[in-house]
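Since every read-out is calculated from the coordinates, none of them should be taken as a lab result. What you see is a predicted model, and the numbers here were worked out from it, not measured in a lab. When we count neighbours, we look across all protein chains shown, and the Cβ atoms used for this are built from the backbone with ideal geometry, even at glycine.
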Amino acid sequence: MSDTQLLERIKANPSEFSELFTLYYRPIFGYVLRRTGNFDDTADIAAETFYHAFTHIKSFSYRGIAIKVWLYRIATNEVNLYFRHRKRHASLVDRIDSGNRVQFEACLQDDRKELEEELQKHEEFLFVRKQMMSLPLRYQEVISLRYFEGKSNREIAEILDINEGTIKSLLSRGLGRLREKCDVPGANDAGRGAIR
Amino acid sequence: MTAFEETLARMTTPEVPQLKHQALLADAISRGKSKSALSFWWMSIPLYVIAMLFMKSAYVRDSTLRSNLHEFFTRERYVAPLLFVVAPVILILINAASIRRIHFLSGSPGPATLLRIAWSNVAVIIVSATILIIYFL
């Protein structure tokens, strides 16, 4: 099913929005998790991203950008807000009606446990992410999209809505600064040996 | 590509498995839609009747909106309470529940933000309350 068809179906019947969850919730959740490194903040930001998409789906007209790109764009803005202002998102659990809350909390607890274990398996990634956190947000965006999400320069340009030349330049400068951070003698974490 | 870039490209990153909370969240968000289109359709009938009776009072000598409404309510003993009492009360309840759900889903925002998000539900409640008041006046 094409994006246009999916959009039309959601506009006609809002319950079809769950199809968007099936297709894109995991990739977006993963992207936010790899940026924040924290399960609870990721859950809140991902929920905010999809709620924003749900409330603005009627004003989103298909103009050459895919729904996935649009969702990445919203998620990137939400993550940036989180880093810039440490904006407190409403807790994910508080968004759920009291009827389903117990079941929801149990599911969330299982997901948290599984993902926290998964995070700990990737020492090299945790080390790089820690060093990346001290870089300006513009560099964090492009480096994470390129190396954590495996996006091409063209895809990154679409998501961040800037031209490919700027992406190349940001990547080059960002990588230079990240390499310096990873080489600093004080940055002696477990992942450092592997990354050098 | 430098050795550093190669290392980054080779680096493994945490993968997200099937998330258990996903379906419940999708359901909660999908149900957060207001029923405003349906609400407006149901409200349009009593509003049409009121507008029609208002025009009658404007063009027919010695008749007022109040007397025309009273005449209509007396003549339509079963339809009038359905349109002017039952439907507005149901709409008020549905939209109040919808506002409550939107309030939760949008992360319990302040009154101004909530009003911006759920303005159509608030409008339906106000118009429904007005129809009720007109009936009991």
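Annotations for the structure displayed:
- Over region A:1-143: Rg over Rh, Cα atoms, Kirkwood Rh: 0.98
- Rounded FRET efficiency, nearest 0.05, which uses the C-beta distance separating B:GLN18 from A:LYS121 and R0 of 25 Å: 0.90
- Rounded tilt (10° steps) of A:67-85 against the dominant C-alpha axis of chain A: 60
- Sorted fewest first by neighbouring Cβ atoms within 10 angstrom, A:HIS122, B:HIS21, A:HIS56 come out as A:HIS56, A:HIS122, B:HIS21.
- Taking a quarter of the surface of the Cα convex hull of region B:34-136 gives a mean projected area of 7.1 nm².
- Between B:SER67 and A:ASP94, the FRET efficiency estimated from the beta carbon spacing at R0 = 51 angstrom works out to 0.45.
- Cα centroid of region A:1-80 to Cα centroid of region B:95-112, whole Å: 21
- Helix B:87-105 and the longest principal axis of the Cα set of chain B meet at an angle near 20°.
- Taken over the protein assembly as shown, the percentage of Cα pairs per 20 Å bin, counting from 0 up to the bin with the maximum distance, is 26, 43, 21, 9, 1.
- Shielding by partners - mean other protein chain Cβ count within 10 Å, residues of A:42-54: 3
- Paramagnetic label reach from A:SER172 (point 7 Å along Cα→Cβ; backbone nitrogen cut-off under 17 Å): within region B:1-28, residues B:1-6.
- Extents of region B:95-137, largest first, come to 39, 17, 13 Å (Cα atoms, principal axes, whole angstrom).
- Along chain B, counting only GluC sites (Glu not before Pro) with a DSSP assignment other than H, G, I, E or B and at most 16 other Cβ atoms inside a 10 Å radius, the longest segment between sites is B:77-137.
- Candidates A:LYS181, A:LYS151, A:LYS121, ranked by Gaussian network fluctuation over chain A, Cα under 10 Å, top entry: A:LYS121
- Separation in nanometres of the label points that stand 7 Å from Cα toward Cβ, at A:GLU180 and B:TYR59: 8.2
- Rounded to the nearest whole Hz, the Karplus-based 3J(HN,Hα) values (6.51 cos²θ - 1.76 cosθ + 1.60, θ = phi - 60°) of region B:15-28 follow the sequence 9, 9, x, 4, 8, 6, 7, 4, 5, 5, 5, 4, 5, 4, with x at glycine and proline.
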